[in-house]
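The values are calculated or read from the model by the stated rules, or taken from the named source; none is laboratory data. This one's a predicted model, so the numbers in the text were calculated from it and none came from an experiment. So basically every Cβ, Gly included, is an ideal-geometry build from the backbone, and we count neighbours across all protein chains shown. Heavy atoms of the whole protein, side chains included, go into the accessibility calculation; ligands, DNA and RNA do not. Shrake-Rupley method; radii C 1.70, N 1.55, O 1.52, S 1.80 Å.
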Amino acid sequence: MTIQTMTKQGSIRLILDESTLQYTIETAEAVWKGDMACPAVMYTGAEKKAFTSLSACHREVHNGVGDGIRSDFGVFETYVWVERVTGDVRFEWIPLPGSENITRVEWPGAFEFESDRPDWVTLLNQQQGLLIPNDWPVPFKGLPFEGRYQTAGCYMPWFGQVKEGNGYIAIAETPWNGGIRAVHEGPGMTMVAPWWEASLGQMDYKRVLRYSFRTACDYNDLAKIYRNYVFENGLAATLKEKAARVPSVEKLIGCGFVHLGIKTHVNPKSSFFDPEDPEKNNRLTTFEQRKKELEAYHEAGVKKLYLHLDGWAQPGYDNEHPDYMPACKEAGGWEGMQDLEKALHEWGYLFGIHDQYRDYYREAASFDEDYAVKNVDGSIPEHARWAGGPQSYLCASQAPYYVRRNFTELLQHVKLDGAYLDVFTCNEADECANPRHRMSRRECYDNRGRCFDFLLSRGILPSSEEVSDWSMRSLCFCHYAPYAFQMEEPDAPRQGVPVPLFDLVYHDCVIIPWMMEKHENEDYMLYALLNGGAPYLRRDPAYVGIDGAFSGKEQSIEEAISRAEIVSSLHERVAMKEMISHRFVSGYDVQETTFAEPDGSEKVRVRIDTRTGEYEIEG
């Protein structure tokens with residue numbers, strides 16, 4: 001069955017092979033054919049069925065906005081149609097009565113993408129962004145969080161491919177219960193396709209993936225299509241808009257970020273507990289000691305600084321949340337914390353804390369299993385990985401209440417400029433089947449957003465572990481938004497070429513601190529400059545050896561300050577400017593980004609050479 005549609009983008013032919021159920025999309029310049037090696041399948045429990053095993057009835061649909069093909073499979077429909085105005089092709093999976101037992105759908109399948117050419121590339125939103133050329137020699141080991149949309153495995157819910165200048169972007173318009181699977185086993189072929197899973201045991205709403213096809217394009221063009229999409233749909237706010245709401249956003253621009261801790265206590269039941277090294281399990285630095293360390297930065301001339309303080313409360317880092325207060329008594333208690341806060345503000349610095357409203361520790365005073373996330377089968381997810389030992393997850397429907405309770409008390413003791421609510425923008429959304437607070441993953445994101453909005457309402461800038469597409473209306477800054485390779489050992493094989501897809505969309509919407517370590521063969525400061533980000537002046541890891549916490553070459557305080565000032569100076573110039581382009585100038589080593597106002601004025605260009613460590617800033 002074939003449908004041809006005339007659009008403003010030109011003629012598009014939509015072809016369905018009724019025997020294989022594969023779709024082919026033909027544009028003026030390119031053919032995108034469904035890959036027979038990646039058929040559409042559905043799961044009912046553990047049972048897997050190909051769509052081709054089901055009887056289907058197909059018919060053409062023509063209405064006032066587009067033309068397409070509707071396929072009725074009895075318990076569900078698919079509707080693939082071309083919007084005449086935009087030329088976008090929407091793939092819609094629609095549940096019908098009888099679909100109750102379906103738990104997962106893998107549809108649509110991948111497009112054929114076989115060639116060993118370097119100008120055939122696949123784009124993945126693994127953290128800051130990843131480009132996999134088809135001739136890339138390193139096999140791809142898979143995405144974190146199973147490639148779930150809006151996690152560290154896929155910051156933004158889209159993927160794309162470009163072949164010889166012709167490309168597409170596939171945007172998940174219903175991202176809450178889906179993700180992508182990607183395969184690249186070596187030179188010659190890359191496969192990428194979506195998957196969708198049930199919500200609270202039901203595939204009870206339509207899943208939509210929208211393809212936009214372009215000619216003479218690259219990854220910059222695809223990222224800008226997505227930028228237009230999020231602003232068209234009210235899914236983001238710029239830093240200028242956030243500063244109008246909380247003016248201290250502007251004070252954060254150009255800061256050097258300092259990440260320090262007060263108390264570490266590792267529960268004997270924690271995976272991190274080391275019975276052979278007691279000092280590793282329990283450590284303490286007083287508020288007064290931290291004040292002296294920060295005073296050294298002030299005396300050295302550091303003008304702008306943001307302190308992120310871990311482990312400030314009595315239980316110690318990652319312990320007993322959400323019941324975390326009072327301030328650590330051995331470290332000086334509330335009086336010591338107040339003294340640190342007042343000194344910071346006297347020096348013109350900003351102060352923020354680490355907090356947590358997902359990990360729900362059994363040793364918390366108010367722990368009640370009835371408020372933990374409950375799976376559809378009645379089980380409660382549990383583990384004991386982090387320092388606090390045994391935990392489940394707090395249902396996010398409860399998180400806004402705890403945020404209000406805790407910060408109401410906190411603000412009676414200290415003045416906060418920022419607060420970091422851990423893992424909200426890194427980990428997947430939860431769902432909860434407890435009928436007393438039943439919650440879908442979409443509702444989980446809404447509840448996390450309410451926590452950020454509460455902080456904003458109190459003049460506190462919200463932060464979280466990484467960044468995620470859903471949070472861009474409220475999140476002001478983050479812990480980091482690194483390239484995937486920066487989370488691995490410095491000499492680990494790279495899964496592809498790092499590209500700043502996230503910053504091409506959201507650079508002027510959120511402040512991102514960047515790693516500044518100097519490693520044997522690479523200086524991470526270059527990426528901070530390339531991305532127009534803020535610098536880490538000091539970053540003491542909560543857990544050594546994970547989350548990108550790998551020591552680089554030792555630097556003196558003078559060298560660290562000097563390097564951070566270079567990055568901060570650039571950040572002050574470009575933080576509120578859009579990153580309008582990124583390009584490779586020579587191989588993959590020499591790269592260039594351009595920042596500008598929305599009208600294209602006041603352009604700033606940054607060029608780095610990762611081989612020589614050199615950089616240039618123009619404009």
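One table, with the values for the structure above:
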| item | result |
| --- | --- |
| Of all residues making up segment 393-426, the number that are among the aliphatic types (A, V, I, L, M) and outside any loop (DSSP other than H, G, I, E, B) | 6 |
| Odd one out for residue 579, checked against (1) within 19 Å of residue 513 (Cβ to Cβ); (2) in a loop (DSSP other than H, G, I, E, B); (3) at pLDDT 95 or above | (2) |
| All strands (runs of 3 or more DSSP E) inside segment 1-74 with 1 or more residues being modelled with pLDDT of 90 or more and open to solvent by 60 Å² or more (accessible area, probe 1.4 Å) | 10-17, 31-33, 47-50, 57-62, 66-72 |
| Among (1) within 23 Å of the chain's Cα centre (by Cα); (2) closer than 18 Å to residue 177 by Cα, the one test that residue 123 misses | (2) |
| Those residues of segment 539-562 which are open to solvent by 40 Å² or more (accessible area, probe 1.4 Å) and farther than 22 Å from residue 387 by Cα, in sequence order | 553, 554, 555, 556, 557, 558, 559, 562 |
| Close pairs (8 angstrom Cβ cut-off, 6 or more residues apart or separate chains): over 13 Å from residue 538 (Cα atoms) in segment 293-308, open to solvent by less than 50 Å² (accessible area, probe 1.4 Å) and aromatic (Phe, Trp, Tyr) anywhere | 295/347; 298/347; 298/349; 304/349 |
| Some residue of segment 583-592 being modelled with pLDDT of 95 or more and open to solvent by less than 10 Å² (accessible area, probe 1.4 Å) | yes |
| Selection from segment 195-209 of residues that are open to solvent by 20 Å² or more (accessible area, probe 1.4 Å) and of a type in the set (A, V, I, L, M, F, W, C) | 200 |
| Hits in segment 422-439 - residues which are open to solvent by less than 20 Å² (accessible area, probe 1.4 Å) and under 20 Å from residue 153 (Cβ atoms) | 422, 423, 424, 425, 426, 429, 430 |
| Some residue of segment 210-221 being within 30 Å of residue 432 (Cβ to Cβ) and open to solvent by 10 Å² or more (accessible area, probe 1.4 Å) | yes |
| Residues of segment 170-194 satisfying the condition of being open to solvent by 10 Å² or more (accessible area, probe 1.4 Å) and of a type in the set (S, T, N, Q) | 174 |
| Checklist (1) closer than 24 Å to residue 344 by Cβ; (2) modelled with pLDDT of 95 or more applied to residue 283, failing item | (2) |
| Residue that is at pLDDT below 95, outside any helix (DSSP H, G or I) and open to solvent by 50 Å² or more (accessible area, probe 1.4 Å), where the choices are 616, 602 | 602 |
| Meets criteria (open to solvent by 10 Å² or more (accessible area, probe 1.4 Å) and over 30 Å from residue 355 (Cβ atoms)) for residue 228 | yes |
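For every residue, the table says whether it meets (1) outside any loop (DSSP other than H, G, I, E, B); (2) surrounded by fewer than 20 Cβ atoms within 10 Å (Cβ to Cβ).
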residue: 276; (1), (2): no, yes
residue: 288; (1), (2): yes, yes
residue: 293; (1), (2): yes, yes
residue: 302; (1), (2): no, no
residue: 306; (1), (2): yes, no
residue: 320; (1), (2): no, no
residue: 331; (1), (2): no, no
